[in-house]
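The block underneath contains the structure these notes are about, expressed in structure tokens.
The values are calculated or read from the model by the stated rules, or taken from the named source; none is laboratory data. Remember, it's a predicted structure, so these values are computed and weren't measured experimentally. Please note: Cβ atoms are built from the backbone with ideal geometry, for glycine as well, and neighbour counts cover all protein chains shown. Calculation scope for accessible area: heavy atoms of the full protein, side chains included, ligands and nucleic acids excluded. Shrake-Rupley method; radii C 1.70, N 1.55, O 1.52, S 1.80 Å.
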Amino acid sequence: GVLRLNEKKEVLSFSMRPKFGSINITSFPESGMKIYIDDNLTELTTPATLTGISSGSHTIKLVDDWYKTQSQNVNVLDNTTSIIAFTMDPAYSNITISTNPSADILINNLKKEVGTLKIRMLTGIYSLRVELDKHYPVERQLVVEENKDQSMIINLIPKTGTLNITSTPFDAKIKLNGVDYGFTPMTIKNLLIGSYDLVIEKQGYGTISKSLLIEENKSNDINEILPNGKEVSFIS
């Protein structure tokens, strides 16, 4: 401004006009994207409003592990809030893995889940392993492509053996680990390998109890003679 100096004190008052504005930034379908302005990382994530930005052209960049980096130019006007919205392109796919029966699921040798795994994965090639005791493990290569969801069911093959049971007299009840398996004579196929407690019983005869081992692809033959016996009642 212009003033005339004299012996008195003069006071000048100025009303400053802003030479800056603000930028409101949003992202879809998810928020939480890191915000860069002119390649400088801010401390904010979407959605956010950057204030005190000098007027003129600026470049806004959004960065996230799960989405492709995107940039847009924005012109900031004096004392005005510019609005800029990003639609992010995913750099991942949703992967669903189910196992039958329920088994451990490992990705790159790290256990992720048991039974069913639902996970978001970046594009790339991974090693997949499904394992369960007394079953053959399944190993395969998992190729994850950008924005291509996958769903798979992995069936495991059990390691089994066969058990043939006969008794004298016949028609005796068979129990393996407390579970009924019918009556003698009986052939039990596809029995998971491992140790079992076998009980053979028939009313009016003594009970046979023994431990046995089922081995892979082998047949175990059991032929037992039940001792004669009578029912005894104890009264106290």
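Below, the figures for the structure above:
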quantity	calculated
Members of the range 216-232 that are open to solvent by 90 Å² or more (accessible area, probe 1.4 Å) and either in a loop (DSSP other than H, G, I, E, B) or at pLDDT below 90 (or both)	Asn217, Lys218, Asn228, Lys230, Glu231, Val232
All positions within the range 212-236 that are within 30 Å of His135 (Cβ to Cβ) and without any contact (Cβ under 8 Å) to a residue 24 or more places away in the chain	Leu213
Positions within the range 127-144 being surrounded by 15 or more Cβ atoms within 10 Å (Cβ to Cβ) and of a type outside the set (Asp, Glu), in sequence order	Leu128, Arg129, Val130, Leu132, His135, Val138, Leu142, Val144
Strands (runs of 3 or more DSSP E) wholly inside the range 1-117 that include at least 3 residues being of a type in the set (D, E, K, R)	110-114
Only one of Asn108, Asn75, Asn79, Asn100 that is in contact with a Phe, Trp or Tyr (Cβ under 6 Å, 6 or more places away or on another chain) and either of a type outside the set (Asp, Glu) or closer than 30 Å to Pro47 by Cα (or both)	Asn108
Only listed residue being in a loop (DSSP other than H, G, I, E, B) and among the β-branched types (Val, Ile, Thr), chosen from Ile235, Ile200	Ile235
Residues (within 13 Å of Ser22 (Cβ to Cβ) and open to solvent by 70 Å² or more (accessible area, probe 1.4 Å)) located in the range 37-46	Leu44
Residues being open to solvent by 20 Å² or more (accessible area, probe 1.4 Å), farther than 20 Å from Asn147 by Cβ and touching a residue at least 24 places away in the same chain (Cβ under 8 Å) - total across the range 64-84	6
